[in-house]
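S.K.: Here it is: the structure, laid out below.
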Amino acid sequence: MGIFSFLFGGGKYPTTSKYEAQLAQARADYGKFKQIASGADLKTFEELKKVTASADFKNKVEHLKNDKFSQTEEYKKEQELKALAKSSDIKGYFKFMAAGDDKKSAAALSSASYAEYQTLKKVVESASFAAKAKVKDSEEAKTLARYKQLSKDSMVKSAIKYAKSSAYANFKKVAGSDRLKKYEALSEYVKTDAFIAKKKDLENKNRFKQSAEAAQLANLEALEKNKDLKWFFAQQKAGTFVDAEKWQLTFSDEFKGSKIDDSKWTLGYLWGAKTMGMVYSLADERQKFEAANAKVSGGLDIQTRPAKVNGKVWNPEAFGFVDKQLEATSALINTGSAFRQKFGKFDFKVKASGVKAPVVACIWLSSDKNEEISVATFGKAAKGLTVGVAQKLSTVADVKVDTDYFIYSLEWTAKKLTWRVNGVEVYSTTAGVPQEEMYIGLSSHVIGDGAVGSADLMVDWVKVYAEK
């Protein structure tokens, strides 16, 4: 149910002060609604709602919560490195190197003395050498002496030790092997920034809590609890402001100052004012329209006062104007030269004081084709007011029009006319709905027999709306 539907629902007429308070609250609420609608919180909420509902976001959250380092290729490579590091051949290789044996063995095994030793060793171990070496001062004896001397050389002894060492054999086997290359490549890999960052990220127990996605979800949750946003969505779901959204103010007058605004209002019947600049009365009327009777002082007061005055009266039989003594003064103002509108909502805050036959006070709309809508006519009926279009009029007898101001409203669509008093519907019709632009009239007339008393049509304000 929209806010205007709520305010304009059926039931007893609320007091005007209460009704205006409701309208003021409705306007304030609508202002709040529009402010929230254009605010940063709603924009952020809608963006977060969209982002967090996406498959990509949900997939990220799933990975943040459930991915483990042990499930990655990086973990497998790290484990492979650990296995290689624990293997006896790789451990032996690095132990050998850590002791400096790689350099020591290389120096010893590549030394000239060890090369000479190896050469002589082949000679002295030959079958014929031993017998010849027994001959004193023979070349063989000299060779054997040199061999024995080299056997005691520290470099040769060291070389012999390395040559027989299983550690050296392992070193030679591992050096340059694919296993060593694998180990070295993996060792470098686990030192890379990418590996370190990924491991740190996946092993972080607060990984999801510290993520941008968690912050976004927390922000969304906070916004979902935001009182203003909850209120906004409740109004939006209920369609509270659907009616308010469709209206825009097109004309208004609160009658400030000391006289009517002649940029908005024309005195007298429009035809005479436009064609001849003349203010006149109709043949069945007993009043003269005078500007002084449209008094502005904190609102408009169209005053009807008994008085003997001369005025112009339209004589339809002679198709002309005649001078006639009239019995009252009053006023008629209209917006025909300044404002017209087809369809919309027309609101008037009015009090009709002392209006009774033969005085008739009117709020009306009229077109150039003389189509007329009575928004509210006072004094035509003994009590209350008369509303309607053309000859299809209806009396609303239960409105005490002279006790207080009431807000009289007409909603005019292409197919229907609806009248309301303080938001309560009093009459509607789909027959004879005008289809032309119409202008506003406010007036008081003396029609028919009877003594003329003082009467006031007091208008606090006029507001007109059109659909956007």
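The values are calculated or read from the model by the stated rules, or taken from the named source; none is laboratory data. Just so we're clear, the structure is a prediction, and the values are computed from it rather than from any experiment. All Cβ positions, even for glycine, are placed from backbone atoms using ideal geometry, and neighbour counts span all protein chains on display. Quick note on the areas: whole protein, heavy atoms, side chains included, nothing else; ligands and nucleic acids left out. Shrake-Rupley method; radii C 1.70, N 1.55, O 1.52, S 1.80 Å.
S.K.: Give the residue that is nearest to the chain's Cα centre (by Cα), with candidates limited to residues of region 264-294 that are under 17 Å from GLY448 (Cα atoms) and of a type in the set (Gly, Ala, Ser).
M.R.: The extreme case among them is SER281.
S.K.: Select, from ALA215, ALA238, ALA291, the only residue that is small (Gly, Ala, Ser) and touching a Leu at 6+ places or on another chain (Cβ under 9 Å).
M.R.: Numbers: ALA215 fails: touching a Leu at 6+ places or on another chain (Cβ under 9 Å); ALA238 fails: touching a Leu at 6+ places or on another chain (Cβ under 9 Å).
When all the criteria are applied, what remains is ALA291.
S.K.: Report yes if some residue within region 65-87 is within 30 Å of LYS230 (Cα to Cα), under 51 Å from the mean Cα position of the chain (by Cα) and in contact (Cβ under 8 Å) with a residue 60 or more places away in the chain; otherwise report no.
M.R.: From region 65-87, those within 30 Å of LYS230 (Cα to Cα) are 65; that's our starting set.
Within this subset, residues satisfying the condition of being under 51 Å from the mean Cα position of the chain (by Cα) are 65.
Next, only the ones that are in contact (Cβ under 8 Å) with a residue 60 or more places away in the chain stay: 65.
Yes: region 65-87 contains one or more residues that are within 30 Å of LYS230 (Cα to Cα), under 51 Å from the mean Cα position of the chain (by Cα) and in contact (Cβ under 8 Å) with a residue 60 or more places away in the chain.
S.K.: Restricting to region 303-346, and then to whatever is part of a loop (DSSP other than H, G, I, E, B) and of a type in the set (S, T, N, Q), can you tell me which residue is least open to solvent (accessible area, probe 1.4 Å)?
M.R.: Step one: filter region 303-346 for residues part of a loop (DSSP other than H, G, I, E, B), giving 316-319, 331, 335-340, 342-343.
Subsequent filtering for residues that are of a type in the set (S, T, N, Q) retains 335, 337.
Details: THR335: 0, SER337: 80 Å².
Filtering first and then ranking leaves THR335.
S.K.: Next question, about the same structure. Considering only residues that are part of a helix (DSSP H, G or I) and either among the hydroxyl-bearing types (Ser, Thr, Tyr) or without any contact (Cβ under 8 Å) to a residue 60 or more places away in the chain (or both), which ones fall in region 217-230? Reasoning before the result, please.
M.R.: Taking region 217-230 and keeping what is part of a helix (DSSP H, G or I), we get 217-224, 227-230.
Listed by number, the residues that qualify are ALA218, GLU221, ALA222, LYS227, LYS230.
S.K.: Please determine, by comparing only the residues of region 197-216 that are without any contact (Cβ under 8 Å) to a residue 60 or more places away in the chain and assigned to a helix (DSSP H, G or I), which one is farthest from GLU74 (Cα to Cα). Steps first, answer last, please.
M.R.: Of region 197-216, the ones without any contact (Cβ under 8 Å) to a residue 60 or more places away in the chain are 197, 200-201, 204-206, 209-210, 212, 215.
Right, trim to assigned to a helix (DSSP H, G or I) and you get 197, 200-201, 212, 215.
Details: ALA197: 11, LYS200: 12, ASP201: 12, ALA212: 24, ALA215: 28 Å.
By that ranking, first place goes to ALA215.
S.K.: What pairs can you find where one residue is in region 433-452 and touching a residue at least 24 places away in the same chain (Cβ under 8 Å), the other is surrounded by 20 or more Cβ atoms within 10 Å (Cβ to Cβ) and among the acidic types (Asp, Glu), and their Cβ atoms are less than 7 Å apart, with a gap of 6+ or different chains?
M.R.: These pairs meet every condition: HIS445/GLU285; VAL446/GLU285; ILE447/GLU285.
S.K.: Could you check, for region 225-234, whether at least one of its residues is closer than 30 Å to LEU410 by Cα, modelled with pLDDT of 95 or more and of a type outside the set (Asp, Glu)?
M.R.: So far as region 225-234 goes, yes, one or more of its residues are closer than 30 Å to LEU410 by Cα, modelled with pLDDT of 95 or more and of a type outside the set (Asp, Glu).
S.K.: While we're on this one: Tell me, which helices (runs of 4 or more DSSP H) lie completely within region 53-126 with 3 or more residues that are in contact with an Asp or Glu (Cβ under 7 Å, 6 or more places away or on another chain)?
M.R.: On the way: elements: 55-66, 73-86, 88-98, 101-109, 112-124.
Of the helices (runs of 4 or more DSSP H) lying wholly inside region 53-126, those with at least 3 residues that are in contact with an Asp or Glu (Cβ under 7 Å, 6 or more places away or on another chain) span 55-66.
S.K.: Could I ask something else about it? Condition first: within 30 Å of LYS324 (Cα to Cα) and open to solvent by less than 10 Å² (accessible area, probe 1.4 Å). Can you find one or more residues in region 222-242 that meet it?
M.R.: First pass over region 222-242, keeping only residues within 30 Å of LYS324 (Cα to Cα): none.
Looking through region 222-242, none of the residues is within 30 Å of LYS324 (Cα to Cα) and open to solvent by less than 10 Å² (accessible area, probe 1.4 Å).
S.K.: Looking only at region 368-403, which residues are surrounded by fewer than 19 Cβ atoms within 10 Å (Cβ to Cβ), modelled with pLDDT of 95 or more and assigned to a loop (DSSP other than H, G, I, E, B)?
M.R.: Selection gives nothing.
S.K.: I'd like the residue in region 404-447 that is among the small types (Gly, Ala, Ser) and open to solvent by 10 Å² or more (accessible area, probe 1.4 Å) and, out of all such residues, is nearest to ALA357 (Cα to Cα). If you could, list the steps in order and put the result at the bottom.
M.R.: Of all residues in region 404-447, those among the small types (Gly, Ala, Ser) come to 409, 414, 423, 428, 431-432, 441, 443-444.
The next check asks that each one be open to solvent by 10 Å² or more (accessible area, probe 1.4 Å); those that pass are 414, 428, 431-432.
Values: ALA414: 34, SER428: 26, ALA431: 28, GLY432: 28 Å.
Among them, the one singled out is SER428.
S.K.: While we're here: Which numbered condition in (1) open to solvent by 60 Å² or more (accessible area, probe 1.4 Å); (2) out of contact with any Pro (no Cβ under 7 Å at 6 or more places or on another chain); (3) modelled with pLDDT of 95 or more is the only one that TRP271 fails?
M.R.: Only one criterion is unmet by TRP271, namely (3).
S.K.: Could I ask something else about it? Kindly indicate whether GLY257 is in contact (Cβ under 8 Å) with a residue 40 or more places away in the chain, open to solvent by less than 70 Å² (accessible area, probe 1.4 Å) and either under 30 Å from TYR75 (Cβ atoms) or of a type outside the set (Phe, Trp, Tyr) (or both). Before you say what the answer is, go through the steps one by one.
M.R.: On the way: in contact (Cβ under 8 Å) with a residue 40 or more places away in the chain: no; open to solvent by less than 70 Å² (accessible area, probe 1.4 Å): yes; either under 30 Å from TYR75 (Cβ atoms) or of a type outside the set (Phe, Trp, Tyr) (or both): yes.
So GLY257 does not fit the description; no.
S.K.: Right, something else. For region 178-194, does any single residue satisfy the condition of being open to solvent by 60 Å² or more (accessible area, probe 1.4 Å) and part of a loop (DSSP other than H, G, I, E, B)?
M.R.: The answer is yes; a qualifying residue exists.
S.K.: In addition: Take PHE251 and decide whether it is of a type in the set (Phe, Trp, Tyr) and either in a strand (DSSP E or B) or surrounded by fewer than 12 Cβ atoms within 10 Å (Cβ to Cβ) (or both). It would help to see each step written out before you state the result.
M.R.: Working: of a type in the set (Phe, Trp, Tyr): yes; either in a strand (DSSP E or B) or surrounded by fewer than 12 Cβ atoms within 10 Å (Cβ to Cβ) (or both): yes.
Criteria met by PHE251.
S.K.: State all residues of region 347-367 that are under 49 Å from the mean Cα position of the chain (by Cα), among the polar types (S, T, N, Q) and part of a strand (DSSP E or B); if no residue qualifies, say none.
M.R.: SER366 - this is the single residue of region 347-367 that is under 49 Å from the mean Cα position of the chain (by Cα), among the polar types (S, T, N, Q) and part of a strand (DSSP E or B).
S.K.: Select from region 369-392 the residues that are in contact (Cβ under 8 Å) with a residue 12 or more places away in the chain, of a type outside the set (Val, Ile, Thr) and within 18 Å of SER428 (Cβ to Cβ) and list them in ascending order.
M.R.: The answer is GLU371, GLU372, SER374, ALA376, GLY384, LEU385, GLY388, ALA390, LYS392.
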